[in-house]
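These notes are about the structure you will find just below.
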Amino acid sequence: MTSEIRVVAPAKINLSLAVGGAGEDGYHRLATVYHAIGLFDEVVVRPAGRTSVTVSGSGVDLDAVPTDEQNLAWRAVAALSAHVGRDLAVHVHVHKNIPVAGGLAGGSTDAAATLVGLDALFELGLPRADLMHVAAGLGSDVPFCLVGGTAVGTGRGELVAPVMARGSYWWAVVPGEGGLSTPRVYAEFDRLAGDTDVPEPELPEDLLGSLLAGDAGALGSALVNDLQPAALSLRPTLTVPLDAGRDAGALGSLVSGSGPTTVFLCADADHAREVRDLVVAATGAATGFVVPGPVPGAKVSAARLAEGPR
Ligand code: C5P
């Protein structure tokens with residue numbers, strides 16, 4: 001029996017995020033291009049009598065992470081247990097590097113990593129389709145976090161399909177102060193739309209073309225986020241990092257998802273360090289990251305076997 005599984009869980013950004021109207025369930029129709037980046041949480045699962053969650057991390061707001069049934073990792077344990085009809089009780093430890101409520105799918109990727117960890121720990125051998133199905137029930141971004149790379153998301157974001165993408169990119173990633181609530185940002189999107197007819201969301205051809213060509217310059221110009229005006233409306237100071245990134249020569253600047261993290265596409269790693277330093281200096285942010293993308297989805301990094309009888 002395995003006594004411990006460690007899983008690395010990447011953050012995501014949205015290279016494009018087109019938001020349509022809300023359906024009866026309150027969720028907005030999306031057409032998005034997800035991109036997993038090299039900023040990782042680590043999730044460790046160990047067998048236990050009953051399920052519990054602990055969190056650690058530095059430079060992130062741990063107080064904002066629940067350690068009860070509200071935690072998405074805990075919900076992942078409950079959802080997979082229900083799916084297989086067996087109590088998969090574990091202790092889950094989440095070591096966070098991804099900013100909390102930052103628009104980087106931190107909670108979603110922890111949930112995806114928990115599913116991967118449980119599958120390995122209990123040797124369930126579940127088909128990928130089963131994990132994707134359970135993931136979709138946990139949150140719109142969770143299926144993508146299983147897949148990683150660069151992928152298209154439709155429906156409410158949970159229907160993930162591969163996209164033809166070449167090349168590797170460097171990003172400067174600068175957390176905003178505090179978090180932004182995703183439902184609040186969507187509500188602000190609705191408020192700003194008012195009575196106007198919101199068009200059906202579409203994938204931008206220019207962005208898909210730039211990914212096919214592996215053209216960082218064209219990708220930088222094509223980055224787009226329909227939630228950005230709503231995030232800016234709730235957090236007007238987000239113009240500071242966006243302006244600083246543009247002034248620093250970033251190929252493209254964007255609020256990530258529902259924010260308040262801002263991301264900057266750069267020519268290479270050195271350029272990304274330069275942009276990161278200038279944006280951090282302009283905003284007074286405590287930290288900023290230089291990361292590559294795309295990276296794979298949640299993956300087992302280590303397994304420890306239980307000591308057998310001697
Ligand atoms: O799916 P998830 O639980 O991550 O979504 C969080 C919140 O974001 C939802 O409760 C909803 O308010 C909003 N949302 C939305 N439309 C989407 C995805 C999320 O309105 N497609």
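The values are calculated or read from the model by the stated rules, or taken from the named source; none is laboratory data. Small disclaimer: the values here were computed from a predicted structure and weren't measured. FYI the Cβ positions are ideal-geometry reconstructions off the backbone, even for glycines, and counts take in every protein chain you see. Only protein heavy atoms, including side chains, enter the accessible area calculation; ligands, DNA and RNA are left aside. Shrake-Rupley method; radii C 1.70, N 1.55, O 1.52, S 1.80 Å.
Could you please tell me which pairs satisfy a Cβ distance under 6 Å, a separation of 6+ or placement on different chains, a first residue in segment 176-200 that is without any contact (Cβ under 8 Å) to a residue 24 or more places away in the chain, and a second residue that is assigned to a helix (DSSP H, G or I) and within 13 Å of the ligand (Cβ to nearest atom)? Filtered contacts from segment 176-200: no entries. Among the residues of segment 2-22, which ones are within 16 Å of the ligand (Cβ to nearest atom) and buried (at least 19 other Cβ atoms within 10 Å of the Cβ)? Answer for segment 2-22, where residues must be within 16 Å of the ligand (Cβ to nearest atom) and buried (at least 19 other Cβ atoms within 10 Å of the Cβ): Ala9, Ala11, Lys12, Ile13, Asn14, Ser16, Leu17, Ala18, Val19. Would you confirm whether or not segment 94-107 contains a residue that is within 16 Å of the ligand (Cβ to nearest atom) and more than 18 Å from the chain's Cα centre (by Cα)? No, segment 94-107 contains no residue that is within 16 Å of the ligand (Cβ to nearest atom) and more than 18 Å from the chain's Cα centre (by Cα). Note on segment 194-225: among residues that are of a type in the set (A, V, I, L, M) and outside any helix (DSSP H, G or I), the one that is least open to solvent (accessible area, probe 1.4 Å) is Leu223.
In the set Asp68, Asp87, Asp41, Asp61, only one residue is in contact with a Pro (Cβ under 9 Å, 6 or more places away or on another chain) and open to solvent by 40 Å² or more (accessible area, probe 1.4 Å); that residue is Asp61. Among residues of segment 127-152 that are in the same structural domain as Gly26 (by TED's automatic domain parsing) and open to solvent by 20 Å² or more (accessible area, probe 1.4 Å), those with a Cβ under 6 angstrom from a residue that is assigned to a loop (DSSP other than H, G, I, E, B) and basic (Lys, Arg), sequence gap 6+ or separate chain, pair up as Ser140/Arg156.
Is segment 275-292 home to any residue that is surrounded by 14 or more Cβ atoms within 10 Å (Cβ to Cβ), closer than 25 Å to Thr150 by Cβ and touching a Leu at 6+ places or on another chain (Cβ under 8 Å)? Within segment 275-292, one or more residues are surrounded by 14 or more Cβ atoms within 10 Å (Cβ to Cβ), closer than 25 Å to Thr150 by Cβ and touching a Leu at 6+ places or on another chain (Cβ under 8 Å). Restricting attention to segment 23-56, the residues being within 12 Å of the ligand (Cβ to nearest atom) and either under 30 Å from Gly167 (Cβ atoms) or at pLDDT 95 or above (or both) number 6. Working only within segment 251-268, note down all residues that are over 23 Å from Glu188 (Cβ atoms) and either open to solvent by 20 Å² or more (accessible area, probe 1.4 Å) or in the same structural domain as Thr32 (by TED's automatic domain parsing) (or both). Leu251, Ala267, Asp268, listed by residue number.
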